[in-house]
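The values are calculated or read from the model by the stated rules, or taken from the named source; none is laboratory data. Note that this is a predicted model, so its numbers are computed, not measured. Positions of Cβ are generated from backbone atoms using ideal geometry, with glycine treated the same way; all protein chains shown enter the neighbour counts.
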Amino acid sequence: MNSSRSLCKEHIRRIMLDAGAETVGFAEAAPVSGEAELRYNRWIADGRHAGMSYMKRYPDVRRDPRLLLEGAHTVIVAAFNYTPTRRQPHGAPRIADYALGLDYHDVIRARLGGAAEKMKQMYGGETRICVDTAPLRERYWAVRAGLGFIGLNNQLIVPGIGSRVFIGTVIWTETVDPDMPCTDSCARCGACLKACPAQALQPDGSGLDARRCLSYLTIEHRGDLPEDLHTGGRLYGCDACQDVCPHNRTATPTAIPEFTPSESITALTEADIDTMDADRFRTLFRHSAVRRTKLEGLRRNLRHL
Ligand code: SF4
Ligand code: SF4
């Protein structure tokens, strides 16, 4: 790539927006701030990552994204809106909004893959795409790239779009001028703290306690749930701290067809899940994030509705 970095920047942004991103930002690939590292380490030391032991691994990579791609100079972060185009019927076992359409890992990786190819053809360099699976501090980089801010509900909030966004990142060996930080911030209204059915959020904003969070317990946790746990009709995940957030009031439904809620998933009843066999589970959730919890996990959650 030639030295006209800002010239290519808006073109790269256009490529990413054409790939379906709602907003895109750029940051210099560099170690995370000392404060961010300290907060993360404290969160881990307190055990608030619960059984997600993978979050303790690769601390050096988590600290410095340049270890994910040799010669990395730029972190490009894109937010993809998944605000559902319709809701589940009243009384249906609730499935988190993010899981109603196709699995975002596959969708975003494919979309960013096409975008990265175009970037490389035009400007050269090497890229690495990260969608949730690499030890990358995605929300940190989203903030650093100017996309938005972290709310008390622990979510990335993009002004005008809200928190129902997936983050996709392209690390690139070429250099692009970084974007300015977002000047908006969480209204700190406390609605998410009040709405959380598990008191999993901290009023000081120090992060989520996954050991209590229904999203963690119904998706990531393996084994039995506490006997007295009531998930309040939530079968897979929890959206309570996003549902009440005023930043989500102006969100428009997603324009990405793959994230349109699947009718066969939104129409599921408790009886369907109770009688579902392994073949039916595999077929129904083949392209859905729900397959993560496995049939046993879904049945376990059903017992706590
Ligand atoms: S509900 Fe209120 S306090 Fe919570 S993230 Fe949204 S604006 Fe911030
Ligand atoms: S996802 Fe649900 S349980 Fe977890 S912090 Fe948000 S409101 Fe609380």
Problem set entry | Of residues in the range 206-220 being under 18 Å from the mean Cα position of the chain (by Cα) and not in a helix (DSSP H, G or I), the one farthest from ligand 1 (Cβ to nearest atom) | Glu220
Problem set entry | Only listed residue being within 16 Å of ligand 2 (Cβ to nearest atom), surrounded by 15 or more Cβ atoms within 10 Å (Cβ to Cβ) and within 23 Å of Asn41 (Cα to Cα), chosen from Arg139, Arg144, Arg164 | Arg139
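Please find, among Ala50, Ala30, the residue that is touching an Asp or Glu at 6+ places or on another chain (Cβ under 8 Å), at positive phi and not hydroxyl-bearing (Ser, Thr, Tyr). Step through it out loud before you land on a result.
Values: Ala30 fails: at positive phi.
That would be Ala50, the only listed residue that is touching an Asp or Glu at 6+ places or on another chain (Cβ under 8 Å), at positive phi and not hydroxyl-bearing (Ser, Thr, Tyr).
How many residues, within the range 203-219, are surrounded by fewer than 17 Cβ atoms within 10 Å (Cβ to Cβ) and touching a residue at least 24 places away in the same chain (Cβ under 8 Å)?
Initially, the range 203-219 is screened for residues surrounded by fewer than 17 Cβ atoms within 10 Å (Cβ to Cβ), giving 203-206, 211.
From what is left, the residues that are touching a residue at least 24 places away in the same chain (Cβ under 8 Å) are 203, 205-206, 211.
Of the residues in that region, 4 qualify.
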For this session: Report, by residue number, each residue of the range 115-136 that is of a type outside the set (A, V, I, L, M), loosely packed, with under 14 Cβ neighbours inside 10 Å and either outside any loop (DSSP other than H, G, I, E, B) or in contact with a Cys (Cβ under 8 Å, 6 or more places away or on another chain) (or both).
Result: Glu117, Gln121
For this session: State whether one or more residues within the range 194-216 are more than 30 Å from Val75 (Cα to Cα) and more than 11 Å from ligand 2 (Cβ to nearest atom).
Result: yes
For this session: Spot the failing condition for Ile167; the list is (1) in a strand (DSSP E or B); (2) not assigned by TED's automatic domain parsing to the domain that holds Ile76, and only one is missed.
Result: (2)
Problem set entry | Scope the range 274-290; condition free of Cβ contacts under 8 Å to residues at least 24 places away in the same chain, part of a helix (DSSP H, G or I) and surrounded by 14 or more Cβ atoms within 10 Å (Cβ to Cβ); matching residues | Phe281, Leu284, Phe285
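What residue, among those in the range 151-165 that are within 11 Å of ligand 1 (Cβ to nearest atom) and under 12 Å from the mean Cα position of the chain (by Cα), is nearest to Val77 (Cα to Cα)?
Top of the filtered list is Leu156.
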For this session: Starting from residues that are small (Gly, Ala, Ser), surrounded by 14 or more Cβ atoms within 10 Å (Cβ to Cβ) and in a loop (DSSP other than H, G, I, E, B), keep the ones in the range 186-202 and report whichever is nearest to ligand 1 (Cβ to nearest atom).
Result: Ala200
Exercise. What residue, among those in the range 226-247 that are more than 13 Å from ligand 2 (Cβ to nearest atom) and surrounded by fewer than 21 Cβ atoms within 10 Å (Cβ to Cβ), is nearest to Asp132 (Cα to Cα)?
Worked result: Pro246
For this session: Please find, within the range 233-248, the residue that is farthest from the chain's Cα centre (by Cα) out of those that are assigned to a loop (DSSP other than H, G, I, E, B) and in contact (Cβ under 8 Å) with a residue 60 or more places away in the chain.
Result: Gly233
Exercise. If Gly223 satisfies every condition in (1) within 16 Å of ligand 1 (Cβ to nearest atom); (2) without any contact (Cβ under 8 Å) to a residue 24 or more places away in the chain but one, which is the exception?
Worked result: (1)
